[in-house]
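Novice: Take a look at this one; I'll ask things after.
The values are calculated or read from the model by the stated rules, or taken from the named source; none is laboratory data. Quick caveat, the model's predicted, so the values are computed rather than measured. All Cβ positions, even for glycine, are placed from backbone atoms using ideal geometry, and neighbour counts span all protein chains on display. When the accessible area is computed, the model is the full protein with side chains, heavy atoms only, and any ligands, DNA or RNA have been set aside. Shrake-Rupley method; radii C 1.70, N 1.55, O 1.52, S 1.80 Å.
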Amino acid sequence: MADCDKYQLETLAVRAGTARTQFNEHSEAMYLTSSFVFDNAAQAAARFSGEEEGNVYSRFTNPTVAAFQERLAALEGAEAAVATSSGMSAILALVMAHLSAGDHIVASNSLFGATLQLFNNILSRFGIETTCVSQTDVGAWQAAIRPNTKLFFLETPSNPLTEIADIKALCDVAHAKEILVAVDNCFCTPVLQRPLDLGADMVVHSATKYLDGQGRVLGGAVVGPKKYTDEVLKFLRTAGPTLSAFNAWVLLKGLETLQIRMEAQSAKALLIAQWLEAHPKVARVFYPGLPSHPQHALAMRQQKNGGGIVSFEVKGARAEAWRVVDSCKLLSITANLGDTKTTLTHPASTTHGRISPEARAAAGISEGLLRVAVGLEAVEDLQADLDRGLSQL
Ligand SMILES: *Cc1c(COP(=O)(O)O)cnc(C)c1O
């Protein structure tokens, strides 16, 4: 869409990135093809050399993938987006495109587990070092800067404790030293938070979560100014973790309902958070939309609402938390999130199960902690399901 800045987000979500073929189809066409044909030898040569724009091979570009990229970029208020095969490949591609051996990253210590493993256990073998600091302590990010620091990487709110990073404050610190800032916007999506508007240089997504929203496909993206995404594309087209046309088409359709899903899931999450906070068997609730959240004011400045993820501690430890999980008949026991079906996770024994008990305790992940990724079911039904176990404690 040429005039993206004229339209509201919900209009862009259904209209941006639409290009019709000669058949004038209303729903976007899906181009399941690995390669593209040229009119003649001269055109093949021109396409390969880059003299002429156009599709060559789907590891490089594909029209369905391009449509998804265009729509997502419009929603984030960005110049461009590059889609990847998963959220993790988006983070890998961003780092491979913008950093080299000898460079240094400052990252939040409460990032998604696989991101921390990528930074600490894999990139470290290739000469890229990472210093992890508290998500909420701007001074710690500043103090961790070295002469070779190239990237600040953050994810807000964090999983599962919903800690908020002050995007604008961290951008000010980073940009004073010409350091790039990348934000994993998986939990909020552009509907609730637009990091580029707050000064971030790039946004990464696990499209697997809310962008699909129905638990069907894996996907990811790096979003930002073309000068940055072009570098990511250069890495992708050579290294190969591109998004498939089929998954791009599913995600393109997912984006059409993103706004109404985010609004509805966040509204339900707030009601569940309020109910849990008043529950006699609940020790503590972590939800940015509650005034009891230590960074409620910052969250409400930075995000449109508290989002769809609520974590809480039961009164008790692992046995009590598992009793709540095992008493549920409706909530899905799975680690995925962002689905229309509500999911329930015990982080200490699943997503955070492989880190040492001491490190887990230091990170604030207690044995009694549960995470609910609220879907679209009726709030009353979700409450009744959680209460079945809670009332037994
Ligand atoms: C799931 C997730 C990822 C990784 O995405 P995949 O699509 O599973 O590779 C990255 N960041 C966050 C915050 C996530 O929740």
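Novice: Could the peptides 19-26, 184-191 be put in order, highest first, of the mean number of other beta-carbon atoms found within 10 Å of their residues?
Specialist: Those peptides, ordered most packed to least, come out 184-191, 19-26.
Novice: Please compute the per residue accessible area over the chain with all protein chains in place, 1.4 Å probe, rounded to a whole number of Å².
Specialist: The answer is 43 Å² per residue.
Novice: For the pairs Lys268/Lys315; Lys304/Lys341; Lys209/Lys281, note any where the Cα-Cα span goes beyond 26 Å.
Specialist: With Cα atoms farther than 26 Å apart: Lys209/Lys281.
Novice: Next up: Mind ranking Leu330, Leu276 by accessible surface for me, highest first, 1.4 Å probe?
Specialist: The residues order as Leu330, Leu276, largest area first.
Novice: Something else now. Compute the distance in nm between two label points, each set 7 Å from the Cα along the Cα-to-Cβ direction, one at Leu376 and one at Glu277.
Specialist: 2.8
Novice: Between the helical axis of 63-76 and the dominant principal axis of the chain, each derived from Cα atoms, what acute angle in degrees is found, rounded to the nearest 10?
Specialist: Helix 63-76 sits at roughly 50 degrees to that axis.
Novice: Ser349 to Glu25: extension gain in nm, 0.36 nm per residue of separation minus the Cα-Cα distance?
Specialist: Between Ser349 and Glu25, full extension yields an extra 111.8 nm.
Novice: Once every DSSP H run of n ≥ 4 in the chain is given -39500 (n - 2.57) and the sum is divided by its residues, what mean residue ellipticity at 222 nm do you get, rounded to the nearest 500 deg cm²/dmol?
Specialist: -11000 deg cm²/dmol
Novice: Just the number, please: carbon plus sulfur as a percent of the accessible area of the chain, 1.4 Å probe, no ligands or DNA/RNA counted.
Specialist: Whole-percent figure for carbon plus sulfur exposure: 54.
Novice: Now for a separate question. Please list, by residue number, everything in segment 180-206 whose backbone N is under 20 Å from a paramagnetic label point 7 Å out along Cα→Cβ of Thr334.
Specialist: 186-189, 206
Novice: Ok, one more. Stretch Gln8-Thr238 to full length: gain in nm at 0.36 nm per residue minus the Cα-Cα span?
Specialist: 79.2 nm
Novice: Sticking with this one: For Lys150, which lysines qualify as cross-link partners when the Cα separation must be under 24 Å and same-chain residues fewer than eight apart are set aside?
Specialist: Result set, ordered by chain and number: Lys168, Lys177, Lys226, Lys227, Lys234.
Novice: If the cut-off is a Cα-Cα distance under 19 Å, which aspartates and glutamates reach Lys6, setting aside same-chain residues fewer than 8 apart in sequence?
Specialist: Cα-Cα hits under 19 Å: Glu70, Glu76, Glu79, Asp197, Glu256.
Novice: If you plug each phi of segment 241-247 into the Karplus form 6.51 cos²θ - 1.76 cosθ + 1.60 with θ = phi - 60°, what whole-Hz ³J(HN,Hα) values come out, in order, with x for Gly and Pro?
Specialist: x, 7, 7, 6, 4, 5, 5
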